[in-house]
Every structure is written in C-alpha cells, then in structure tokens.
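The values are calculated or read from the model by the stated rules, or taken from the named source; none is laboratory data. Just so we're clear, the structure is a prediction, and the values are computed from it rather than from any experiment. Note that we place each Cβ from the backbone using ideal geometry, even for glycine, and neighbour counts take in every protein chain shown.
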Amino acid sequence: MKYSTFFFVSGLLLLLAACVQPSAALSDTLKGDTATQPIEFQATMLVPSITSTITHTPTATATLTPIPTATRTALPPTPTPTIPTVTTFIADELSPIVTPVGYLADTCDYLENRWGRGKSEPGTIVVPIMFHSIAKPGRVISDATTISTEYFEFFMAYAEELGFSTITMDELVGFLTENEKIPERSMLLILDDRRPGVTELFMPYLEANDWTLTLAWPTTEGTNDELWARMESLAESGRLDVQSHGHDHIYIQDYTPLKEIEEEIYRPIEVIQTHFGTTPSAIIWPGGNFNEVAIQLAKEAGLRFGFTVYSRGPLMFNWIPLGEAEMEMDAPLYVLPRYWSTAADVALNQAVAISEAAKQAANGVKADELYYLEHYCPAIKRD
C-alpha cells in the first residue's frame with residue numbers, strides 16, 4: 001500500500017514536470033539553461049508574449065504644386081487718335097430749302113488754301129446780283145425784273161457804305177478754286193441781256209468806286225454794227241467784264257436739240273473773243289435754264305462757272321448754297337446762285353450776316369483744322 005502510493009505520487013510529479021518543459025522554439029530565445037531557472041520564472045515564461053506589430057505610417061509624399069507659367073499679358077492697344085472732322089458751316093440765315101455744299105475733293109488742299117498765307121480770310125463773301133432794266137424816273141414798273149432809278153441809286157450808295165467792292169470773273173475763279181485774296185466783301189454786278197443804256201447808267205458808279213460791271217451778253221447774229229461799236233467803246237474803259245449769256249438766248253430744256261445747245265455754249269466764246277479780245281470764263285444760263293448735257297458741254301468748252309437765277313445766298317470758298325434742282329446736277333460751280341436786283345439791299349444784309357457767322361465758326365474750328373493740316377497732310381509743304 002505504501003509502495004503503491006509512492007509510485008502514484010512519483011508518476012504524477014513526472015507528468016507535471018513534463019507539462020511544464022519549455023518548447024524548443026521558446027528555449028531558443030532564452031539565454032542560459034532553463035533547467036537552472038526557478039520554477040516560478042519558468043511558469044512566468046508560459047505567459048504569451050505581446051507581439052509588437054509595427055504599423056507603417058505612410059511617409060508623406062511631397063506633392064509638387066505646379067507653379068503657373070507666367071503668361072505675358074498683352075499691353076492694351078495704343079488708342080488710335082480720332083481724326084478731326086472737317087465740317088461744312090451751316091448758316092441760320094439761309095432758307096430751309098437751301099443746303100451749302102463743298103466742291104473740293106481733297107481736304108488737305110482745302111485746308112491749305114483756307115489757312116495759308118496770302119489767302120482770303122474765312123468769312124470772305126461774294127454776292128452775285130443780276131440786273132435787268134432800270135426804269136427812268138416817273139416810269140411805272142409793271143414787271144418783276146425792273147427796278148427804279150431811285151432804288152438803283154440807293155443800292156449803289158448802300159453797297160459802298162457797307163464796304164463792298166466788285167471783282168471780275170477771273171478773280172472769282174482764283175477765289176473759288178484756291179481762295180486767292182479778294183476783298184472781304186465782294187460782289188458781282190451782273191447785267192443780263194443787251195442793254196447798252198443800262199450799262200451807261202452804271203458807268204459813273206464804276207468809275208467813282210473803281211468797280212467792274214459784268215455783262216451777260218447774248219452774242220446773237222442780230223447784233224448790228226452800231227451796237228457792237230458802242231459796246232466795244234464802253235469796254236475800252238476797263239470797267240466791263242464780258243461773259244457768255246448764250247448765243248440766241250435759248251432756254252435750254254431736256255428736249256432742246258444737241259446742236260442748239262452746242263451753239264449756245266461754243267459760239268459766244270468765239271464772238272466775245274472777236275469783239276472784246278477776251279475769253280469768257282462763265283456762262284450765265286439764258287433764262288436760268290440748264291441740264292446735265294449743257295453743263296458737260298460747258299466744262300468741255302473750258303468755261304469755269306455757270307450761273308442760275310436762284311437766290312440761294314452768297315458764295316464763299318468751298319461753300320456754295322444750293323437748292324434741290326441744282327444739287328441734282330452734282331456740279332456746284334456750274335449752278336451758282338444769283339440774287340435779284342429787286343431786293344439787292346436785303347441780299348447784302350443777308351450776306352454780311354452770313355459772313356460774320358462764318359468768321360465765328362471758323363475761329364471755333366481753327367485749332368482742329370490746323371491740327372488736321374499738320375498731322376494728316378504731311379506731304380504739303382507749308383511756309
């Protein structure tokens with residue numbers, strides 16, 4: 001019994017010892033012999049060890065933020081200077097149905113002549129006035145073209161008082177084409193038709209004031225030698241400026257035969273050269289009638305101007321007042337206006353008012369026009 005109990009206890013102890021032997025894996029990690037370690041320590045070694053798990057925190061990758069490429073910002077365009085506008089002077093004194101028009105196509109030529117040295121000043125005017133009959137004192141006037149002697153004398157004195165002078169047709173050519181110097185207040189006294197007696201009424205005033213009378217002379221074959229001699233004698237005074245008024249004084253219409261129109265244009269040039277030794281530069285349209293064919297023929301014949309019977313206003317350099325009928329011709333210099341002698345003093349007053357207004361308007365735009373001339377007309381050589 002004692003021996004049985006002894007063997008039971010011994011076996012139990014051996015079994016227990018076997019259970020607590022460290023594993024080969026664990027013993028490999030221990031330094032020294034585990035058999036020499038106390039039992040308490042051996043028991044401790046059976047406790048599972050904490051395995052350290054290293055969690056790899058991703059290394060922050062440096063992200064390159066793109067730096068914007070510098071873009072060259074275009075500079076704002078240089079402002080293009082606004083070219084000054086050369087405008088046409090508008091006169092309040094003109095009728096609403098009248099429009100002033102220019103005739104020079106080259107702005108630089110116009111400005112050079114307008115502001116150049118030795119030229120006519122802005123506001124210089126020419127007043128064309130047509131005369132017909134002048135009634136003797138006491139005669140009853142029964143038509144719309146005749147004026148009394150009293151009114152004629154009044155007008156001539158009034159024109160002198162206002163400071164007007166006359167010019168010739170050649171001087172008008174120089175003024176209207178190149179603004180050549182003429183008196184600031186100029187007029188054309190135009191006597192229509194063959195009126196030697198009326199011509200003689202003008203002569204004392206022409207001599208006293210150093211004026212000229214423009215004759216609108218029809219050169220009809222019906223003119224006798226006596227009349228030719230009388231007119232040639234008057235012309236020797238140097239006071240007459242003879243211009244064409246047609247040959248047979250035909251009122252030109254659209255149905256007028258071309259041959260008749262040609263004779264009205266060309267024949268007077270030859271006759272005036274023969275009797276007066278001068279060449280006309282203008283035609284005063286008979287009856288004031290004209291058309292495109294007649295105007296073209298006048299140009300081809302070398303005539304520079306044509307005059308109507310329309311009272312539109314005075315003439316200024318590159319400034320012609322026209323009505324609708326004249327504007328349709330698109331030839332301002334061949335449809336020039338004329339005032340009627342029956343209201344000649346009113347014509348002078350209107351012309352003076354327009355002249356003064358034109359002066360003020362010119363002063364208002366002078367700086368702009370000179371700037372234009374200086375900067376946009378480089379080819380022009382100025383003094």
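Working only within the stretch 268-285, note down all residues that are part of a loop (DSSP other than H, G, I, E, B) and under 14 Å from ALA301 (Cβ atoms).
THR279, PRO280, SER281, TRP285
Out of everything in the stretch 106-151 that is under 27 Å from TRP319 (Cα atoms) and of a type in the set (D, E, K, R), what residue ends up being surrounded by the fewest Cβ atoms within 10 Å (Cβ to Cβ)?
If we take residues in the stretch 106-151 being under 27 Å from TRP319 (Cα atoms) and of a type in the set (D, E, K, R), then ARG117 is surrounded by the fewest Cβ atoms within 10 Å (Cβ to Cβ).
Tell me yes or no: at least one residue of the stretch 345-366 is more than 25 Å from ALA298 (Cβ to Cβ), acidic (Asp, Glu), surrounded by fewer than 22 Cβ atoms within 10 Å (Cβ to Cβ) and at pLDDT 95 or above.
Yes, that holds for at least one residue.
For residues that are of a type in the set (D, E, K, R), touching a residue at least 24 places away in the same chain (Cβ under 8 Å) and in a helix (DSSP H, G or I), tally how many sit in the stretch 167-217.
Qualifying residue count, the stretch 167-217: 4.
Somewhere in the stretch 245-267, is a residue part of a strand (DSSP E or B), among the aliphatic types (A, V, I, L, M), modelled with pLDDT of 95 or more and surrounded by 15 or more Cβ atoms within 10 Å (Cβ to Cβ)?
Checking the stretch 245-267: not a single residue is part of a strand (DSSP E or B), among the aliphatic types (A, V, I, L, M), modelled with pLDDT of 95 or more and surrounded by 15 or more Cβ atoms within 10 Å (Cβ to Cβ).
What tally of residues in the stretch 141-156 results from selecting those that are more than 41 Å from the chain's Cα centre (by Cα) and in a helix (DSSP H, G or I)?
Total satisfying the criteria: 6.
Determine which single condition ASN289 fails, assuming it passes every other condition in (1) out of contact with any helix residue (DSSP H, G or I) (no Cβ under 8 Å at 6 or more places or on another chain); (2) farther than 30 Å from HIS249 by Cα; (3) surrounded by fewer than 18 Cβ atoms within 10 Å (Cβ to Cβ).
(2)
When both residues are 6+ apart or on different chains and their Cβ atoms are under 9 Å apart, which pairs have a first residue that lies in the stretch 259-274 and is farther than 17 Å from ASN289 by Cβ, and a second that is modelled with pLDDT of 95 or more and of a type in the set (A, V, I, L, M, F, W, C)?
Filtered contacts from the stretch 259-274: TYR266/LEU297; TYR266/ALA301; ILE269/ALA301; ILE269/LEU303; VAL271/TRP217; ILE272/TRP217; ILE272/VAL242.
Please find, among GLU171, GLU180, GLU184, the residue that is within 24 Å of THR279 (Cα to Cα), surrounded by 14 or more Cβ atoms within 10 Å (Cβ to Cβ), of a type in the set (D, E, K, R) and touching a Gly at 6+ places or on another chain (Cβ under 9 Å).
GLU180
Suppose we filter the stretch 219-244 for residues that are crowded, with 17+ Cβ neighbours inside 10 Å, in a helix (DSSP H, G or I) and of a type in the set (Gly, Ala, Ser); how many remain?
Number of matching residues: 1.
Condition first: more than 25 Å from the chain's Cα centre (by Cα) and assigned to a loop (DSSP other than H, G, I, E, B). Now tell me which residues in the stretch 302-323 satisfy that.
Across the stretch 302-323, the qualifying residues are GLY302, LEU303, ARG304, THR308, VAL309, TYR310, SER311.
Only residues that are of a type in the set (Gly, Ala, Ser) and either farther than 28 Å from LEU213 by Cβ or more than 34 Å from the chain's Cα centre (by Cα) (or both): list them for the stretch 244-296, please.
If the condition is that a residue be of a type in the set (Gly, Ala, Ser) and either farther than 28 Å from LEU213 by Cβ or more than 34 Å from the chain's Cα centre (by Cα) (or both), then SER244, GLY246, GLY277, GLY287 are the ones that fit.
Can you tell me which condition GLU326 does not meet? The list is (1) over 23 Å from the mean Cα position of the chain (by Cα); (2) not in a strand (DSSP E or B), and all the others hold.
Failed condition: (1).
Go through (1) in contact with a strand residue (DSSP E or B) (Cβ under 9 Å, 6 or more places away or on another chain); (2) of a type outside the set (S, T, N, Q); (3) touching a residue at least 24 places away in the same chain (Cβ under 8 Å); (4) at negative phi and name the single condition ILE90 misses.
Here ILE90 clears every test but (3).
Okay, residues lined up against (1) in contact with a Gly (Cβ under 7 Å, 6 or more places away or on another chain); (2) of a type in the set (Val, Ile, Thr); (3) more than 16 Å from TYR339 (Cα to Cα):
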| site | (1), (2), (3) |
| --- | --- |
| PRO96 | no, no, yes |
| VAL101 | no, yes, yes |
| ARG117 | no, no, yes |
| GLU121 | no, no, yes |
| PHE152 | no, no, no |
| GLU161 | no, no, yes |
